[in-house]
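Each value in this text was obtained by applying a stated rule to the coordinates, not by laboratory testing. Source: prediction; values computed, not measured. When we count neighbours, we look across all protein chains shown, and the Cβ atoms used for this are built from the backbone with ideal geometry, even at glycine.
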Amino acid sequence: MSYCAEVLRSEWLTPLLVRVELGGPGLDGFAMPTDTDAYVNVAIPPTGADYGGRFDPGAVREQRPRELWPVRRRYTVRRWDPATGRLTLDVVVHGDDGVGGPWAATARPGDLLVLEGPGGGYRPDPSADWHLMVGDESALPAIAASLEAVPAAAPVTVRLLCDGPDHEVTLTSPGSLDLLWLHRTGEETDADLLPAAVRELVFPAGRVHAFVHGEADEIRAIRRHLLAERGLRRSDMSCSPYWRRTMTDEAWRQMKKEYVAAMETDVA
Ligand SMILES: Cc1cc2nc3c(=O)[nH]c(=O)nc-3n(C[C@H](O)[C@H](O)[C@H](O)COP(=O)(O)OP(=O)(O)OC[C@H]3O[C@@H](n4cnc5c(N)ncnc54)[C@H](O)[C@@H]3O)c2cc1C
């Protein structure tokens, strides 16, 4: 399904994370799955493209030059409120680069974007003995939503990567949280902060259900460790690369399938 949503308001949660609330009659019929990592594919008008109101991405592609085509990105549904018809996205603004980040940074009430979906595939398994959630800012919306869905008192180990203390957000959960924020230093070793934090963990006893998402190479290293060194079953993990360092989403999408296939062969 495709929906043309309107920006209702936006708010900076941290110096690099913008919350955008969408709504309007274009979201009528939006149906949220129970997955806590549910995401939408959004079509964002590029800077300077004035489509004159509600737009159909397919029609725009037929009628306009390529540089004015809407740009496709994926964002997690941080929250969907069926009572008010409000849909919340939390978007990382990683400098002036890209399309999605700058769009969110400058989003104003009345701005329009088309979204398709939602899709998803993970919700904390209530029968797991404990939960592991690992990621960077791009996975924070999914991890925040997932933390709200764990059973009361369930042990949850969370390792999150961000730029510093003022980039942390308050997370709430009925679970019993072991939460640690890791801070980048600007050095090359930053890429190993999350994998190292997972390697250092003393795992609680019992079956874990893991959610590991974020930058491709970091996620791949953690996945390899969880499978090879910790003996997790694939069915007990949701593990996927959301973005890849140095690559735009267009470049990443072109090679993602191949990359994920190679990831599969990391551990027999
Ligand atoms: C299922 C799914 C759910 C996702 N949910 C979210 C979400 O809720 N919030 C969110 O912010 N992102 C989310 N992402 C990631 C987001 O789609 C990508 O980060 C996307 O590339 C951002 O587009 P952009 O136009 O801002 O930057 P692009 O034009 O794609 O990239 C420009 C440059 O910025 C770099 N870059 C891209 N993303 C980041 C980042 N997060 N941090 C630092 N540098 C980056 C790229 O490597 C490239 O060098 C999700 C991805 C998937 C697949």
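Worth pointing out:
- Applied to segment 241-247, the Karplus parametrisation 6.51 cos²θ - 1.76 cosθ + 1.60 on θ = phi - 60° returns per-residue 3J(HN,Hα) values of x, 7, 8, 10, 3, 6, 10 Hz, with x for Gly and Pro.
- Measure of compaction for segment 2-119 (Cα Rg per 2.2 N^0.38 Å): 1.01
- Classified by the C-alpha gyration tensor, segment 141-268 has an oblate form. Its axis ratio a/c, with a ≥ b ≥ c, is 1.5 or above, and a/b does not exceed b/c.
- Projected over all directions and averaged, the alpha-carbon convex hull of the chain occupies 14.6 nm².
- Under Karplus coefficients 6.51, -1.76 and 1.60, residue-wise ³J(HN,Hα) of segment 93-106 in Hz, glycine/proline x: 9, 9, x, 8, 5, x, 10, x, x, x, 4, 5, 4, 10
- Packing order of peptides 32-38, 44-50, highest average first: 32-38, 44-50 (average count of other Cβ atoms within 10 Å over each peptide's residues).
- With N counted as the residues of segment 47-86, its alpha-carbon radius of gyration over 2.2 N^0.38 Å works out to 1.56.
- Neighbours of residue 120, meaning other residues whose beta-carbon lies under 10 angstrom from its beta-carbon, give a summed charge of -1 when Lys and Arg score +1 and Asp and Glu score -1.
- Most fluctuating residue given options 220, 230, 73, as computed from a GNM of the chain linking Cα atoms under 10 Å: 230
- A prolate overall shape is assigned to segment 58-132, the ratio a/c of its alpha-carbon gyration tensor axes (a ≥ b ≥ c) being 1.5 or greater and a/b exceeding b/c.
- Dipole magnitude of segment 2-119, debye to nearest 20 (Cβ charges: Lys/Arg +1, Asp/Glu -1, about Cα centre): 40 debye
- Phi-based couplings in Hz for segment 31-42 (Karplus 6.51, -1.76, 1.60; Gly and Pro marked x): 10, 8, x, 7, 4, 8, 9, 4, 10, 10, 8, 9
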